[in-house]
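The values are calculated or read from the model by the stated rules, or taken from the named source; none is laboratory data. Given the structure is predicted, the values throughout are model-derived calculations rather than measurements. Don't worry about glycine lacking a Cβ; one is built from the backbone with ideal geometry, like all the others, and counts go over all protein chains shown. Heavy atoms of the whole protein, side chains included, go into the accessibility calculation; ligands, DNA and RNA do not. Shrake-Rupley method; radii C 1.70, N 1.55, O 1.52, S 1.80 Å.
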Amino acid sequence: MAYTEPAYAKLNLTLDILGRREDGYHDMRMVMQSIDLQDLITFTPQAEPGFTLTTNLPYLPRDGGNIAVKAANQFFQDNRLPVLGMSIDIKKNIPVCAGMAGGSSDGAAVLRLLRRLCLPELPQGQLEETGGRVGSDVPYCVRGGTALAEGRGEALTDLPPLPPCWIAVCKPPCSISTPELFAQVRVKRLRCHPDTAGMLEALSSGDLEGIAHRLYNVFEDILPRRYAQVFEIKAALLNMGAMAASMTGSGPTVFGLFPEREPAARAVQALSERFPATFLCRPAPACFPRQP
Ligand code: C5P
């Protein structure tokens, strides 16, 4: 018997950095959105306790260095359960090191699967707390949908869903190290910040135009020159009719919002000739029902 769980990619509708914390992390304020670009996690029980990992990407770690294995170990440790024997397969579709929380999302899907199999009564909040011990984006990825993420990323507030739209997502071949980019941040020198309050209002009133106008990621303002492709892709998306375009997370993936499918599909087609990791996506709903 095999058990499967999708792991959705995330985009940042906004990303703001508020300050550096004593623990070396940064206080964030981010509006996060799941999209239907997804990895697939499959569990097959095995007799031997512990985890065996397989994946279609040969260069991913297959030991405790993989966030899926870290998440599984953390789940059994936090819930004081004996470790089960499990073969974990990850079919990766989300580009790695892309700013789309692909790894965090795989870890989160492992947590949801383990809850389903071992502890269906475990409150969602406790599962998210376990996620927080695995990585800053994991609690959001456990929940998914549209949410405000604050603190290190673990303080979550559900938001009204992004209105129906089409999203062209394009990852250039360069990769950016998240810790390196955070290390460049001088919070007091950040001159511009997203209009997060305006974004929340636009989401509440289902105003796609207002949402598009408020896409903003402060990391773009400190991006080293060698990532110029990020700005080329943004310009190309805007030229091809995107309402707005922004980088997600610590990049380098860029996305553009479109109200209609056709222009989004044309933009994806055009960009994919130069950048093979280009996808036509839609918003994805939360993995758990919204909290009252
Ligand atoms: O928590 P996670 O391992 O995903 O974070 C990766 C790195 O990103 C951290 O080591 C830290 O350098 C940086 N980070 C940060 N502030 C956050 C989240 C991540 O400085 N809120």
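What about residue 249, is it open to solvent by less than 50 Å² (accessible area, probe 1.4 Å) and at positive phi? So residue 249 passes the test. Inspect all residues belonging to region 145-167 and state whether any of them is small (Gly, Ala, Ser), assigned to a loop (DSSP other than H, G, I, E, B) and modelled with pLDDT of 95 or more. Checking region 145-167: at least one residue is small (Gly, Ala, Ser), assigned to a loop (DSSP other than H, G, I, E, B) and modelled with pLDDT of 95 or more.
Given the structure, is residue 273 acidic (Asp, Glu) and touching a residue at least 12 places away in the same chain (Cβ under 8 Å)? No, not satisfied. The set of residues in region 104-141 that are more than 12 Å from the ligand (Cβ to nearest atom), of a type in the set (A, V, I, L, M, F, W, C), under 12 Å from residue 78 (Cβ atoms) and assigned to a helix (DSSP H, G or I) comprises 111, 114, 118, 127.
Remark: residue 255 matches the filter, which requires a residue to be open to solvent by less than 10 Å² (accessible area, probe 1.4 Å) and within 20 Å of the chain's Cα centre (by Cα). Could you please find all residues in region 62-83 being of a type outside the set (S, T, N, Q) and in contact with a Leu (Cβ under 8 Å, 6 or more places away or on another chain)? Scanning region 62-83 gives 62, 63, 68, 69, 71, 72, 75, 76, 81. The residues of region 150-174 that are within 14 Å of residue 99 (Cβ to Cβ) and within 14 Å of the ligand (Cβ to nearest atom) amount to a single one, 153. Scanning region 74-96 turns up no residue that is within 22 Å of residue 24 (Cβ to Cβ), at pLDDT 95 or above and within 12 Å of the ligand (Cβ to nearest atom).
Of everything in region 122-148 that is free of Cβ contacts under 8 Å to residues at least 60 places away in the same chain and open to solvent by less than 10 Å² (accessible area, probe 1.4 Å), the residue that is nearest to residue 196 (Cα to Cα) is 139.
Scanning region 11-44 for residues that are open to solvent by less than 60 Å² (accessible area, probe 1.4 Å), within 16 Å of the ligand (Cβ to nearest atom) and not hydroxyl-bearing (Ser, Thr, Tyr) yields 12, 15, 16, 17, 19, 24, 26, 27, 28, 30, 31, 32. Of all residues in region 15-53, those being free of Cβ contacts under 8 Å to residues at least 60 places away in the same chain, under 20 Å from residue 96 (Cβ atoms) and under 22 Å from the mean Cα position of the chain (by Cα) number 3.
Among residues that are under 30 Å from residue 171 (Cα atoms) and either in contact with a strand residue (DSSP E or B) (Cβ under 9 Å, 6 or more places away or on another chain) or not acidic (Asp, Glu) (or both), residue 112 is included. Taken over region 63-80, the criterion of being surrounded by fewer than 18 Cβ atoms within 10 Å (Cβ to Cβ) and either of a type in the set (S, T, N, Q) or touching a Ser or Thr at 6+ places or on another chain (Cβ under 9 Å) (or both) is satisfied by 73, 77, 78, 79.
Count of region 172-185 residues, restricted to those that are touching a helix residue (DSSP H, G or I) at 6+ places or on another chain (Cβ under 8 Å), surrounded by fewer than 16 Cβ atoms within 10 Å (Cβ to Cβ) and either among the charged types (D, E, K, R) or outside any loop (DSSP other than H, G, I, E, B) (or both), is 1.
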